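The values are calculated or read from the model by the stated rules, or taken from the named source; none is laboratory data. Because the structure is a prediction, the values reported are computed rather than measured. Every residue, glycine as well, gets a Cβ built from its backbone with ideal geometry; the counts of neighbours run over all protein chains shown.
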């Protein structure tokens, strides 16, 4: 019985620690405004580079014609029905280095959903109101069904 209580206490402590770091990670950071860019309106440069990253789960930043874009990819999927969206962007200064944190939500098809059996490469592109490229990009993921 004492062993079970100890294990439960350790699990609760680890969960609280993870929550603490996730919650306070964005504190002190400024929110970055953005708007979603539809695929047909993406800059040509992003369209050309995207195939190099589409098989990875990644966040990329690009400066094109004085505009800064963020691209989030979710990798190769074996069916349709997968989505990715950017929930928020924050910019912070960590050790003198501008860090952009991208909070992305990944959505999988629900069990039992009828989906096309085709390889897909979900991604999203947003245009930000940033004026300079950050030195570092961090991708924070949240998975939903």
Quiz prompt | Count of the stretch 34-49 residues which are in contact with a strand residue (DSSP E or B) (Cβ under 7 Å, 6 or more places away or on another chain) and touching a residue at least 24 places away in the same chain (Cβ under 8 Å) | solution = 7
Quiz item: Among 98, 105, which is the only one that is in a strand (DSSP E or B) and at pLDDT below 95?
Solution: 98
Quiz prompt | Residues located in the stretch 116-145, provided they are surrounded by 15 or more Cβ atoms within 10 Å (Cβ to Cβ), outside any strand (DSSP E or B) and more than 14 Å from the chain's Cα centre (by Cα) | solution = 121, 130, 134
Quiz item: Of the residues that make up the stretch 109-117, is at least one in contact with a strand residue (DSSP E or B) (Cβ under 6 Å, 6 or more places away or on another chain) and in contact (Cβ under 8 Å) with a residue 12 or more places away in the chain?
Solution: no
Quiz item: How many residues, within the stretch 107-145, are in contact with a helix residue (DSSP H, G or I) (Cβ under 9 Å, 6 or more places away or on another chain) and farther than 15 Å from residue 31 by Cα?
Solution: 3
Exercise. Considering every residue within the stretch 62-80, establish whether at least one is closer than 20 Å to residue 29 by Cα, out of contact with any helix residue (DSSP H, G or I) (no Cβ under 8 Å at 6 or more places or on another chain) and not in a strand (DSSP E or B).
Key: no
Quiz item: What single numbered condition from (1) surrounded by fewer than 17 Cβ atoms within 10 Å (Cβ to Cβ); (2) outside any strand (DSSP E or B) fails to hold for residue 93?
Solution: (2)
Self-check item: Output for the stretch 14-32, where each listed residue is in a helix (DSSP H, G or I) and at pLDDT 80 or above
Solution: 14
Quiz item: In the stretch 38-48, is there at least one residue being under 15 Å from the mean Cα position of the chain (by Cα) and assigned to a loop (DSSP other than H, G, I, E, B)?
Solution: no
